[in-house]
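Just below is one structure, and these are the notes that go with it.
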């Protein structure tokens, strides 16, 4: 009887292993998929008769199990869409830091004109009917003169010319088309540029946090 060399034996052994992996089982197992009365998805090699109308038959194979077409429409589980969450504004967008100036609240205010925008520092004044600037603080951003009014505030009551802006913005809120009165002062004010009056403040709700020195905006009126 001839003897096989060691390399030949190894080759035959590898061929047998590969042939066994490539061939499917001669008797593949068969099982059933159905949902019971509680809605629980079940797999079983036996099928209760009361679930015969919704059965899906699977056969075991080397690859993932594939359903066998029985001519019956499979029952699809209900798809529940994920609950949509409303976007919340960032907390810092609802707060504006202020500076205390001799017990007065000094806020940065953005003024937008036809030729640009500028930021000025205005004192919150609930006694002023409208917002106004000192004439020397008026930025050259294309603000058009529109009239003359009598304005009152912490400096008293005076006649003043007015200019129209595209908008003024304080914190997260803007007032479009706002008119600003221009005032001359007896003293040359360097510490602030004017007053933020009730024409803006009455349109918003806010809370003053003196400890943290921030205005907390609560929404529009």
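Laid out as a table, the results:
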{"item": "Residues of the range 199-214 that turn out to be buried (at least 17 other Cβ atoms within 10 Å of the Cβ) and within 19 Å of residue 111 (Cα to Cα), as a count", "result": "4"}
{"item": "Hits in the range 133-167 (condition: under 16 Å from residue 198 (Cβ atoms) and either touching a helix residue (DSSP H, G or I) at 6+ places or on another chain (Cβ under 9 Å) or at pLDDT below 85 (or both))", "result": "149, 150, 151, 152, 153, 154, 155, 157, 160"}
{"item": "Tally, over the range 175-208, of residues that are assigned to a strand (DSSP E or B) and in contact (Cβ under 8 Å) with a residue 12 or more places away in the chain", "result": "13"}
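The values are calculated or read from the model by the stated rules, or taken from the named source; none is laboratory data. What you are looking at is a predicted structure, and each value in this text was computed from that prediction instead of being measured. Backbone-built Cβ (ideal geometry, glycine too); neighbour counts: all protein chains shown.
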